[in-house]
Amino acid sequence: MSYLGIDLGTSGLRALLMDTSGQPIGSAESSYSVSNPAPGWSEQDPGDWIVALDSAMAELGQKFSEFKDLRGIGVAGHMHGATLLDDKGAVLRPCILWNDTRSETQAAQLDQTDGVRDKSGNIVFPGFTAPKLAWVKENEPAVFDQVATVLLPAAYLNYHLTGQFVADMSDSAGTSWLDVGLRAWSDDLLAAGGMDKSQMPGLVEGSEVAGTLRSDLRERWGISGEVVICGGAGDNAAAACGIGALHEGEGFVSLGTSGVVLAARDTYAPAPETAVHTFCHAVPGRWYQMGVMLSATDSLNWLSRITGTSPADLTNALGTQLQAPGAVRFLPYLSGERTPHNDSRIRGAFTGLATSTDHNDMTRAVLEGVSFGLKDSLEALRSTGARVEDLTAIGGGSASDYWLKMLATVLDVPLKLPKGREFGAALGAARLAQIAVTGCGPADVITAPETSSVVYPDKDLVDAYQDAYQSFRAAYSGTREIQ
């Protein structure tokens with residue numbers, strides 16, 4: 001018996017096969033592209049997801065005999081995407097992705113509508129799903145009139161797997177249509193955006209059964225018996241399941257393309273004025289909150305492109321000993337920002353540049369700026385009552401020892417590094433499938449990985465970085481006055 005976790009990412013799909021003891025058996029990956037037909041637009045063809053899925057399934061079937069004994073599948077997906085289907089289940093237009101900002105005006109209008117923040121528990125960000133549909137209604141009315149069902153990316157993959165329209169709570173919480181406290185579609189929120197409940201998929205918890213694998217797919221993939229498809233999760237909720245962040249105070253900081261500070265919550269405690277996201281967790285009776293910055297390692301990648309130096313070479317040149325904050329400040333808002341500013345138009349900036357400024361100074365400034373942006377999110381989380389005493393560090397940026405030392409010092413919390421490389425969204429999705437199939441308690445399956453090491457704050461530099469953080473905040477305020 002085996003379980004499969006699928007991580008439907010923005011740039012590719014990853015499928016992880018897991019055994020009954022929770023150990024990874026093997027994985028397969030397949031990539032696809034993002035289309036940017038206009039400034040601020042970000043779209044994807046859902047058909048590419050299916051092609052990637054078929055490729056990954058074929059590879060797993062060829063490499064691992066355990067694949068034929070598959071009994072459960074969980075799908076994690078990038079959140080907020082609007083996949084629009086007609087009354088026959090056909091895709092009407094490319095999926096509008098989470099990092100698409102065209103619906104800024106519609107988001108602001110919805111956010112100012114009475115009761116929207118109260119019921120959804122969140123600010124209506126331009127990346128959320130509801131304003132995307134409002135944009136389609138205003139700009140593509142012929143498409144909008146044909147919309148019979150709206151599915152998030154993970155729910156669309158569930159539809160392909162089962163033939164049923166089903167979504168999980170954690171993913172649906174990022175639409176601005178879900179009453180996040182009640183864990184149900186809200187008629188009032190739907191009406192505010194010109195939608196109704198008939199256009200929404202059925203709701204299940206991420207660890208519950210959503211359906212079974214279509215017989216034609218089971219036969220094509222060479223699977224011997226019935227396969228349960230669970231509700232699955234949004235990518236960050238699934239990542240929380242992968243690193244065992246289930247209970248109050250457990251969480252992670254992710255240094256990926258975007259940056260995330262996430263904390264699990266035992267109760268529903270929304271604070272939309274902070275620009276913190278408050279979403280349902282992937283298991284019943286739990287929620288999570290997170291602060292999100294849009295350009296984390298993307299900021300370092302940008303510096304890499306303009307200097308012609310790889311990100312690894314840029315950070316390696318700083319050595320291993322954490323230095324005091326530099327004189328150069330970097331505002332990491334290359335694509336706008338969510339937490340705490342909720343500003344899609346703000347852009348990045350360097351301040352304090354001098355004729356003596358070199359590559360190392362700029363690299364340190366970028367690392368500091370991203371770290372300060374993540375501290376913004378941590379402080380916003382704490383303002384809601386979240387208890388954060390340590391965090392697990394994940395994401396590509398966590399490969400830099402220097403950056404980890406800096407981040408631990410800026411946040412002033414220990415950062416735990418998980419042992420091994422299988423602890424992300426795909427593992428979390430496979431764990432949710434195991435719970436759905438076996439009926440095990442979530443806490444028995446969603447456990448923390450072994451810690452390989454802990455990076456502690458440099459106590460000699462905590463105060464200096466706190467002062468630099470205040471300087472960063474002042475630089476933000478000054479730049480906003482100019483912009």
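Data for the structure
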read-out: Pairs beyond 32 Å (Cα-Cα), from LYS375/LYS419; LYS132/LYS405; LYS132/LYS375; LYS68/LYS416; LYS419/LYS459; LYS119/LYS375; value: LYS132/LYS405; LYS68/LYS416
read-out: Net charge contributed by nearby residues that have their C-beta within less than 12 Å of VAL116 (K/R +1, D/E -1); value: -3
read-out: Leading residue at positive end of dipole, the chain (Cβ point charges), from GLY225, LEU353, ASN139; value: LEU353
read-out: 0 to 90° range, to nearest 10: angle between helix 46-63 axis and the chain longest Cα axis; value: 80 degrees
read-out: Highest average packing first - 375-385, 317-327, 81-91, Cβ atoms within 10 Å; value: 375-385, 81-91, 317-327
read-out: Segments 245-257, 443-455, 103-115 sorted - mean Cβ within 10 Å per residue, highest first; value: 245-257, 103-115, 443-455
read-out: Kirkwood Rh in Å, taken over all unlike Cα pairs in the chain; value: 22.6 Å
read-out: Rounded tilt (10° steps) of 129-139 against the dominant C-alpha axis of the chain; value: 80 degrees
read-out: Cβ charges +1 (Lys, Arg) and -1 (Asp, Glu), total dipole of the chain, debye; value: 300 debye
read-out: For segment 5-107, alpha-carbon Rg relative to the globular expectation (2.2 N^0.38 Å, N residues); value: 1.26
read-out: Highest to lowest packing among 156-164, 170-178, 17-25, 137-145, scored as the average C-beta count within 10 Å; value: 170-178, 156-164, 17-25, 137-145
read-out: Net charge dipole size for segment 2-236 [Lys, Arg +1 and Asp, Glu -1 on Cβ; Debye, nearest 20]; value: 260 debye
read-out: Bins of 5 Å, starting at 0 and running to the largest distance - Cα pair percent for segment 2-236; value: 1, 7, 15, 19, 19, 15, 10, 7, 5, 2, 0, 0
read-out: Residues of type aspartates and glutamates that LYS88 reaches as a straight line, Cα spacing below 15 Å, ignoring anything fewer than 8 places off in the same chain; value: ASP145
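Each value in this text was obtained by applying a stated rule to the coordinates, not by laboratory testing. Not measured: the values here are computed from a predicted model. Because the Cβ atoms are built from the backbone with ideal geometry, glycine has one as well, and the counts that use them run over all protein chains shown.
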